[in-house]
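The values are calculated or read from the model by the stated rules, or taken from the named source; none is laboratory data. Computed from a predicted structure; not experimentally measured. Neighbour counts run over all protein chains shown; Cβ positions are idealised from the backbone, glycine included.
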Amino acid sequence: MIEVRSISKWFGEGSARTCAVRDASFSVGHGEMLYIVGPSGSGKTTLLSIISGILRPDSGSVTVNGVDIWSLDSDALADFRLRTVGFVFQDYHLFPRLSALENVAIPLVLRRERWETGLEAAHRSLEAVGLASREALSPKKLSGGEQQRVAIARAIVAAPDLLIFDEPTASLDGDTGKKIVGFVRDNILNGQRAIIIVTHDERIYEFASRILHMEDGQMTGELEKIP
Amino acid sequence: MKGLFLLALKLLLGDRGKFATLVIGISFAVFLMMQMTSMFFGIIQHSAANIINIGARMWVLDPAIRTPLNSIPMPGYILDAVRSIPGVEYAEPLYMGAGLVHLDDGTYQPVTIIGLDDATLMGRPDLVAGKILDIYRTNAFFVVKDGNYAKLGSPGIGTTFEINDHRGMIAGIAQVPLGSLFGIPTLYTTYTRATEDLPPTRYSISYILVQPKSAQDIPKIEEQVRNLGYLALTDQEFIRRNDQFYEFQTAMGINILIMTLISFIVGLSIAGETFYMFVLDNLERFGALKAIGARGSDLVRMIVFQALVVGFLGYGFGVLFSSALIGFSRLRIPNYAAVINYQNLLLAFGMVLVISVVSSYIGIRRVIRIDPFDVFRS
């Protein structure tokens, strides 16, 4: 479903020019939960941004469902992100002045769905993550784990084929992090969807289908899952 | 699209402090703009009160006259010459001058005396008490019941008074569309009595009021009068001439323009800065929206919508406060020279649009430059 071929990305100019990702290639299939792991500064987030259509690579291609996403213009790329990718950001990026329900409805609002239709779908999505009873609350009144689940509900509300998680356990304690990722594997991952998770939290490696290791911008190989 | 605007509205209303600052800032600017321009238009309008109240289609006047508050008397033969111009249906003299009324308490009150042609009474006011023919009674005057009426002791019909050492008697009470600018009561009488009562000058005709046979005759009449060395203007042209006098030949126009510009700049500064702060506070969220899949045009629409919402709300409140203050002032000062008309409403609206556009442009420039990659990097 996702083919990443020879992706490279450089930042900076002249002597300050550094390579964030060098010649990365791999593929992810439907029903797969792929981890990209490695130390801070290894280029994981840069690679994730390139795969999700946010950061243009200097070379290489990313093909999602047969479409080379970096051949699209900016509006088509925005549509690609809106219709194909669901994001769960490290800091969640929830809107504190909207309720949890309204936060979840945002992708549908951006897809020009009616507000009411968006809220109905958002309610179902919150039900799926077990937060329907808290939907009227502002994210500020929710715990870290609950905010994470609201972010997941927002990511899945438009039924995307690809889910992107950036350090999903970084702001959570160990137990909550494991519960959330376990919940994602058991309830969110399905045969029509792929999930890519960037993390350096070894405690959640057990939930991965595959684990790719990165260091200094290069894919250094596939890790064995730690039971 | 409705959902997008609803989302923008919720984001805007969610930050109550900034929302209130924005609306109050724009309301204040609109209030100031409306006050300034209302005063300006009010003064302009009231300064042309005599032209409007007398209601003649055309006026013949000395070319040196810029405003109806001053008149330069014309010789009698001009009246005959104007009457002989083809296209003139009829033309009648008008006397306009200042007199002094000696009040019962011993003080003097300046008044404007308007002398109407004895035969036709062309330019006469509507009466609310008395009969029009009573103007021919001995020493008869009609007093205008406006905001200055009380300055003459609110005289009723039959009240006698002393004017320029002559005896006068109120024979009717009139009403006119507009009060005078300088708060001076107005008395109407016949042309003959006016010229008898007021200190005589070599010439006595202040203006000649002309009724053209048709609108097509007006240019010919104007040309013929010009050949006589005088000026013929339609009522609207005379009003414009008066407007231009106040706008360009007194400091009033430029001062009010400066004050209006200052209030515009105040509004623009408050709204621009607060809106920019609002956008900066929400920059991360706009970045998240962009990352999720919002197009640049979606964010632009949201920001413009937010700026227009605060702009229109500020405009509404500003106009409301201004109207309330003018209304309240009118209760206290009946001739309060401030008017809200479509011109100052449009001017303030235009300025609010500019404030909204500039404020949103500042925000848009910032939002358009957000790199959604920063959302990941945070």
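Quick notes on this one:
- Taken over the range B:79-102, the criterion of being out of contact with any Pro (no Cβ under 9 Å at 6 or more places or on another chain) and part of a helix (DSSP H, G or I) is satisfied by B:80, B:81, B:82, B:83.
The rows are residues; the columns are (1) modelled with pLDDT of 85 or more; (2) more than 11 Å from chain A (Cβ to nearest Cβ).
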position: B:278; (1), (2): no, yes
position: B:282; (1), (2): no, no
position: B:302; (1), (2): yes, no
position: B:311; (1), (2): yes, yes
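- Reported count of residues in the range A:155-177, each being over 9 Å from the mean Cα position of the chain (by Cα) and in a helix (DSSP H, G or I), is 5.
- Residue in the range B:351-370 that is loosely packed, with under 15 Cβ neighbours inside 10 Å and within 14 Å of chain A (Cβ to nearest Cβ) present: yes
- Tally of residues being of a type outside the set (Phe, Trp, Tyr), under 30 Å from residue A:46 (Cβ atoms) and in contact (Cβ under 8 Å) with a residue 24 or more places away in the chain across the range B:337-378: 11
- Applying the criterion of being aromatic (Phe, Trp, Tyr) and under 18 Å from residue B:115 (Cβ atoms) to the residues of the range B:71-105, the residue that is nearest to the chain's Cα centre (by Cα) is B:95.
- Residue tally, condition part of a loop (DSSP other than H, G, I, E, B) and not polar (S, T, N, Q), over the range A:196-215: 3
Matching residues to (1) free of Cβ contacts under 8 Å to residues at least 12 places away in the same chain; (2) crowded, with 18+ Cβ neighbours inside 10 Å; (3) closer than 30 Å to residue B:79 by Cα; (4) charged (D, E, K, R):
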| site | (1), (2), (3), (4) |
| --- | --- |
| B:223 | yes, no, yes, yes |
| B:233 | no, yes, yes, no |
| B:236 | yes, no, yes, no |
| B:259 | no, no, no, no |
| B:285 | no, yes, no, yes |
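- Scanning the range B:1-51 for residues that are farther than 30 Å from residue B:70 by Cβ and either away from chain A (no Cβ under 14 Å) or among the polar types (S, T, N, Q) (or both) yields a total of 15.
- Enumeration of residues in the range B:115-140 that are of a type outside the set (Gly, Ala, Ser), in a strand (DSSP E or B) and either under 10 Å from residue B:174 (Cβ atoms) or not assigned by TED's automatic domain parsing to the domain that holds residue B:175 (or both): B:126, B:127, B:128
- Check on residue A:119, over 15 Å from residue B:4 (Cβ atoms) and more than 9 Å from chain B (Cβ to nearest Cβ): no
- Residues in the range B:149-165 that are over 14 Å from residue B:138 (Cα atoms) and of a type in the set (D, E, K, R) were compared, and the one that is modelled with the highest pLDDT is B:151.
- Qualifying positions in the range A:122-154 - assigned to a helix (DSSP H, G or I), over 27 Å from residue A:79 (Cβ atoms) and within 13 Å of chain B (Cβ to nearest Cβ): A:140
- Within the option set A:120, A:102, A:127, being surrounded by 19 or more Cβ atoms within 10 Å (Cβ to Cβ) and of a type in the set (Asp, Glu) holds for one residue only, A:102.
- Across the range A:67-113, the qualifying residues are those that are closer than 15 Å to residue B:5 by Cα and free of Cβ contacts under 8 Å to residues at least 24 places away in the same chain, and the one among them that is nearest to the other protein chains (Cβ to nearest Cβ) is A:109.
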